[in-house]
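The values are calculated or read from the model by the stated rules, or taken from the named source; none is laboratory data. Computed from a prediction, not measured in an experiment: that's the story for all the values here. Counting neighbours? That spans all protein chains shown, and the Cβs are built from the backbone with ideal geometry, glycine included. The accessibility values were calculated without ligands, DNA or RNA, using every heavy atom of the protein model including side chains. Shrake-Rupley method; radii C 1.70, N 1.55, O 1.52, S 1.80 Å.
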Amino acid sequence: MQCLGHGKNTMATTSPVSDVTEDCDRCERSTPHEVAVEILTESGKTENAEFSREPYRVSECRVCGATTKRRMNNA
């Protein structure tokens, strides 16, 4: 997974799934994570922002708080 910056705006979020075990780069081991799908706006411009929304898989380590976001739709 790739860590992304804070330049994205969250438009909508699904309910997170708890107790998913994933590898954490910061902890350097498998840890419990909360996982959700968020619709993020990729454009920083307000004009036509509704056309730049994409689904992202967001995973947050419940041990250290590290968050990763991965675009699900690479069209």
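Quick notes on this structure:
- Selection from the range 31-66 of residues that are under 14 Å from Thr21 (Cα atoms), open to solvent by 60 Å² or more (accessible area, probe 1.4 Å) and part of a strand (DSSP E or B): Glu34, Glu60
- For Met11: the one exception among (1) in a strand (DSSP E or B); (2) at pLDDT 70 or above; (3) under 16 Å from the mean Cα position of the chain (by Cα): (2)
- Qualifying residue in the range 53-67 (condition: at pLDDT below 85 and of a type in the set (Gly, Ala, Ser)): no
- Exclusive hit being among the polar types (S, T, N, Q) and at pLDDT 80 or above, set Thr46, Thr41: Thr41
Residue by residue, here is whether (1) of a type outside the set (Val, Ile, Thr); (2) touching a residue at least 12 places away in the same chain (Cβ under 8 Å) holds:
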site: Ser30; (1), (2): yes, no
site: Glu34; (1), (2): yes, yes
site: Val37; (1), (2): no, yes
site: Cys64; (1), (2): yes, yes
